[in-house]
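Here, each number is a calculation from the coordinates, and none is a lab measurement. On a predicted model such as this, the values are computed, not experimentally measured, just so you know. Virtual Cβ from ideal backbone geometry, glycine too; neighbours counted across all protein chains shown.
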Amino acid sequence: MKLKVFSILFFITAIASAQYSLSGTITSAETGKPVPNAEVWNKTTGEVTVADANGNYKTRSFKAGTYTFAVFSYEYEIEEREIELRSNKTVNFQLSPLAESLSEVVLTNRREQIFALRKLRKVEGTAIYAGKKSEVVMLDKVTGNLAANNARQIYNQVAGLNIYDNGDAGLQLNIGGRGLDPNRTQNFNTRQNGYDISADVLGYPESYYTPPPEALREIQVIRGAASLQYGTQFGGLINFVFKEPSEKPIEFLTRQSVGSYNMFTSFNSLSGTVGKFSYYTYYNYKGGNGFRPNSEYDSHNAFAHLGWQFDEKTSLSFEYTFLDYLAQQPGGLTDAQFYLDPDFSNRERNWFDVNWNLYALKFKHEFSSKTDFSLNVFGLDATRSAIGFRENRVSQADDPTAPRELLVDHFKNWGAEARLLTRYDLFGEESVLLVGSKYYDAHNKQRQGPGSASAGPDFDFASDEFPYYSRQSQFEFPNKNLAFFGENIFNITNNFSLTPGVRVEYINTQAEGSYKFILEDLAGNILLDREITDNRNFERSFVLFGLGSSYNLNASNELYANFSQNYRSVTFNDIRVINPVYQVDPNIQDEEGFTADLGIRGRLKDKVSYDVNVFALKYNDRIGEVLKPEVRENAEGEMEETGRIVRFRGNIGDAFIYGLESFADWNLKNTFFESAEDYRLNVFVNAALTSSEYTRSEEINVEGNQVEFIPNVNLKTGVNFGYKNFLAGLQYTYLSKQYTDATNAPQDVNDNQRGIEGAIPAYGIMDLSASYSFGKFKLEAGINNLLNNYYFTRRATGYPGPGIIPAQPLTWYTTIQFRL
C-alpha cells in the first residue's frame, strides 16, 4: 500500500515538474516564405525567443500550463494566441503583411509596442546577459541628427554617459561614464557585430572608427559586468549591430544631408537576399569646414557584409570595413581665449589622418536545438598620423618656420574568439552554460619626431632637416592576449536565476625601441645628443570573477544585481610617448577593481518603461593626472627639476565611485487618449546622480578629492511628439561642473597661457529635431544647441589640442531620404 501511495505521489510530482517547449515555423501568409528573425514573446513569463533565418523557432522549456504568445516582425501584423502546454507542442504561425501604408506615428507607436520590451535578453545567440545592467539603443526610434552622429541625441536613453562634443560630424565617438575618460571611448570594449574595432584592445584601446548610425539596427551597451565575456574593461561593452540584409533581392537607400558650416554627408546602401546568399553594403561620405577656422574634414567610409546560409543550422559571413579621413585641427584655447572668442584658432598647421581596414569572418553552427557555436576571426590593418604645432603654452601663436611634431602609428592585429553555448536541465529547470576563448595578437609600430615646417597635411618625417628636434622616438609594441571565459545561468525557479562567471587572462605587453635625449643651452647649442634604448616587458596572468542575479517580479518587471571584477592594462602611450604637456611615471602599473549594480527595470502596462539602479565602482591604482614640477635628466645623467609645471600621469591612488542611474519614458498618448492612433506623445527623463572620492593616494592634495570626469548631475530630458507622418523631438541636456585632474584644480578664467588644467563648468544644451515622411521619401531637419550656448566639454592634453576644445554653437541640418 505504501509503495502504491509513493508511486502515485511520485507520478503526480513528475507531472507537476515536467517541462515542455513550443516549436514551429513562422511564415508569411501571403507568400508562404519564412519570416526570419521574427520574435515569439511569451506574455505570461516575459521570455522572448527569436526565430532563425529560416523562420524556425523553439522556446525554452516551461512547466505545464496555459500561456499567451505574441509573434511579431516589423513588416507584419502581430499575431497573438493562447496555447496550452501539456506536452512538447509544434505550432506554426502565419503572419499577415501590413495591410496598408501606415503613417510614421502609427509605425512608431507599433515599434514602441514591440521594442519597449527590447532589452538584451538573458541569452542572445552565444552570449549571456542575465543579471547584467544593459541598454539597447534602437536606431529606428531615434529622432535626432543621425547624419552628424550626434551622440547626446542618439544615446539619450542610456543613463550616465559623459560625452565629448567635437563638432566633426561624428567622425569619432567620445563617450565615458562613471568616472571613465570619454576620449575616443577608450574605457569600453568597442565592437561591431560582435568583433573588436579599436586600434589595439589592450595596448591602445581607442576607437578612431565609428560606424555611421544610418547603417545600424541597434547599439548594445553592457556595463562593467561585461568584463567576463568581452574583456576586462571597467566601462563594459559597446556593440554596434548593423542592419540585417533585406529579404528582397535588392533594396536601395540613399540619404543626403546638408548643414551648418558647409556640412555635407551622403549615405547610400544596397541590401538584399537571393536564395542562400545575402548582402548589406554602404558608402558614407562626410565633409565640412567646422565652426572654427582651420577645422575642415573629409571622410570616406565603406562596408560590405556577404553572407551564405548553408542550411538552417550553419551560416558563414565575411565583412570588410574601410575608412579614410583627413581632418584639420584648429587646436585648443586657454580659458581667456575661450571667453574672449570661442571661435578663435591660432593653429593653422595641425592635421590628423586615419586609414582603417577591418576584416571579419564569422561562422555560426547549431549542433542541436540546445547547443550553438560561433567563431569570429578578425583583423585590423590601419594607420593613424598626426602632425602639428602643439606647445605647452597654448597661447603661443603657431610658428610657421618651426618643425611640426609628427606621430605615426601602424596598427596590425588579429584575433579569434570562439563560443559554445548549451542548455541543459538541472533540478527540473533549464540551465545555460557558455564557455569560450579568445586569442589576440598585435604588432604595432609608432614613430615620433620632426615633421615638415610646411602648412599642409604632409606626413613625412623631416629628421635630416631637423636632426636635433627634442622629441624623437621609435618603438614596436608586440602584444599578446589569451583568455578563457565561462558563465552559467542557474534557473533556481521560473522567476529567479543566478549567473556566476569567470575569466582567465594572460597578457604580455611589450615595448621595444629607443628615444633620443637631447639637451640644449639657452643659446640653442647642443649639449647632449644621446639615443637611449628602452625595452620593457609586462607579462601577467590573473583571474576575474563575477556573479549576476535576476528575479522576475512578473512578465514585464525584473529585479537585477551583479558584481564583477575589472582590470585595465596600461597602454603603450603610458609606456612610452614623449609629450610636451605631460610626463608619464616610468613605474606606472595596471588598474584593477570591481563594478556592481542593483536595479529594477521593466514596463508598467503600456504606459511607462523604466530602469533604475544604484551602482558602485572601486578603482585601485587608478591612472590619472596631477600637476607636478617637471623632472628631467641633465647632462651629467642626474635627475633635476626644470622649473616647469607639467601634468604627471601615473597611478594616482584608489578611488570609489557610486551613484544612482535612472531612466523613465512615459507614454502620455496611451495614458490619456489611447484611441488617438494618429498621435504620439512621450516624455522621458534620464538622470544620473554620481559621487566619488579618492580614498588613498601618495600624491599631494589628492586624497579626499573628487574623481575627474564626473559631473554630480547628468540629466537628459525631453518630449517626443507626432501626428500622422510628422515626428518631432525636443531634448534638454544638463551636466554640472566636473574636474579634469585628480588635484581638482579650479577653473581660472584669467588663464592666458595653457588651458590644459582646470574644471569644466556646468553647461546646458537644447536640441530640436523633426521628420516628415511622404511615400518613399523622408525629410529630416533640426537645430542643435537651439539656445546657442557657448560651452566646452573637454580640456585636451594632446591632439586635437592641447587646451580647451570649444563645443559647437547653434547648428542646423537637413536630410532627404529615398528608399526603393
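If you stretched the chain out fully between LYS724 and PHE774, how much longer would it get, using 0.36 nm times the residue separation minus the C-alpha to C-alpha distance?
Working: separation 50, 0.36 × 50 = 18.00 nm, distance 1.05 nm.
Once the chain is fully extended between LYS724 and PHE774, it gains 16.9 nm.
Under 8 Å for C-alpha pairs, at least 6 residues apart: give me the relative contact order for segment 209-263, rounded to a whole percent.
Values: 50 pairs, mean separation 17.2, N = 55.
Dividing the mean separation by the residue count of segment 209-263 yields 31 percent.
Bin all alpha-carbon pair distances of segment 270-419 at 5 Å intervals from 0 and give each bin's fraction as a whole percent.
Values per bin, smallest distances first: 2, 8, 12, 13, 13, 11, 9, 8, 7, 6, 5, 3, 2, 0.
Looking at the chain, what % of its DSSP beta bridges pair antiparallel, to the nearest 5? List each step's numbers first, then the result.
Details: 339 of 351 bridges.
If we restrict to bridges inside the chain, about 95 percent are antiparallel.
For segment 452-516, what Kirkwood radius comes out of the mean inverse Cα-Cα distance, in Å?
Working: mean 1/r = 0.0572 Å⁻¹.
In segment 452-516 this quantity evaluates to 17.5 Å.
Looking only at segment 717-751, which residues have a backbone nitrogen under 15 Å from a spot 7 Å from the Cα of ALA676 in the C-beta direction?
720-728
Give the whole-number value, in cubic angstrom per residue, of the convex hull volume spanned by the C-alpha atoms of segment 747-802. Each step should come with its number before you reach the end.
Values: hull volume 6.2 nm³, N = 56.
Once divided by residue count, the hull of segment 747-802 is 110 Å³.
Would you mind computing the Rg to Rh ratio of segment 110-234 from its alpha-carbon coordinates, Kirkwood style for Rh?
Values: Rg = 14.2 Å, Rh = 15.2 Å.
Taking Rg over the Kirkwood Rh, I get 0.94.
Lys/Arg Cβ at +1, Asp/Glu Cβ at -1, dipole of segment 235-349 taken about the Cα centre: which of ASN346, TYR280, GLY332 is farthest positive-ward?
TYR280
Which of ALA455, SER431, TRP414 sits farthest toward the positive end of the charge dipole of segment 412-463, with +1 on the Cβ of Lys and Arg and -1 on the Cβ of Asp and Glu?
Value computed over the given set: ALA455.
Calculate the length of the line joining the C-alpha centroid of segment 241-303 to that of segment 782-820, in whole Å.
Answer, in whole Å: 20.
Any lysines with Cα under 21 Å of the LYS724 Cα? List them, leaving off those in the same chain fewer than 8 positions away.
Correct list for LYS724: LYS141, LYS607, LYS669, LYS776, LYS778.
Normalised by the number of residues in segment 117-264, what is the relative contact order in percent for Cα pairs under 8 Å and 6+ residues apart?
21 percent
Can you give the relative contact order of the chain as a percent, counting alpha carbon pairs under 8 Å and 6+ residues apart? Don't skip to the answer; put the middle values down first.
On the way: 2348 pairs, mean separation 89.4, N = 820.
Relative contact order of the chain: 11 percent.
How would you classify segment 210-259 from its alpha-carbon gyration tensor, with a ≥ b ≥ c the square roots of the eigenvalues: rounded for a/c under 1.5, else prolate if a/b is greater than b/c, otherwise oblate? Mind showing how you got there, number by number?
Numbers: a/c = 5.05, a/b = 1.99, b/c = 2.54.
Judged from the Cα gyration tensor, segment 210-259 comes out oblate (a/c at least 1.5, b/c at or above a/b).
Take every Cα-Cα pair in segment 648-735 and report what % of them are more than 17 Å apart. Provide the component values of the computation, followed by the final result.
Numbers: 2406 of 3828 pairs.
Here the tail beyond 17 Å accounts for 63 percent of pairs.
Within segment 290-309, find all residues whose amide N lies under 18 Å from a label point positioned 7 Å from the Cα of ALA455 along Cα-to-beta-carbon.
290, 292-297
Could you tally up the Lys pairs in segment 284-437 with alpha carbons closer than 30 Å? Skip any pair fewer than 8 positions apart unless they're on separate chains.
Numbers: LYS286/LYS362; LYS286/LYS412; LYS313/LYS362; LYS313/LYS364; LYS313/LYS370; LYS362/LYS370; LYS362/LYS412; LYS364/LYS412.
For segment 284-437, the number of qualifying lysine pairs is 8.
Could you tell me what a quarter of the Cα convex hull surface of segment 418-563 works out to, in nm² with one decimal place? It would help to have the intermediate numbers written out before the result.
Details: hull surface 63.4 nm².
The directionally averaged projection comes out at 15.9 nm².
Can you compute the FRET efficiency between GLU77 and ASP441 using 1/(1 + (r/R0)^6), with r the Cβ-Cβ distance and R0 = 51 Å? Round to the nearest 0.05. Each step should come with its number before you reach the end.
Working: r = 50 Å, r/R0 = 0.98.
Plugging the Cβ-Cβ distance into 1/(1 + (r/R0)^6) gives 0.55.
Toward the positive end of the charge dipole of the chain, about the Cα centre and with charges on Cβ (Lys, Arg +1; Asp, Glu -1), which of PRO182, TYR506, GLY718 goes farthest?
Projecting each Cα onto the dipole axis, the largest value belongs to GLY718.
Based on alpha-carbon positions alone, could you give the equivalent ellipsoid semi-axes of segment 509-627 from the gyration tensor, as √(5λ), descending, whole Å?
So the equivalent ellipsoid measures 50, 18, 10 Å along its semi-axes.
From the P(r) of segment 322-386, can you give the percent of Cα pairs sitting at distances over 15 Å? Intermediate results must be reported in sequence, preceding the final value.
On the way: 1465 of 2080 pairs.
Value for segment 322-386: 70 percent of Cα pairs lie more than 15 Å apart.
If the reach is capped at under 14 angstrom between alpha carbons, list the aspartates and glutamates near LYS438, excluding any in the same chain fewer than eight residues apart.
Partners found: ASP196, GLU417, GLU505.
Show me the ranking of peptides 703-715, 202-214 by mean Cβ neighbours inside 10 Å, starting with the highest.
Per-residue Cβ counts within 10 Å, averaged per peptide and sorted highest first, yield 202-214, 703-715.
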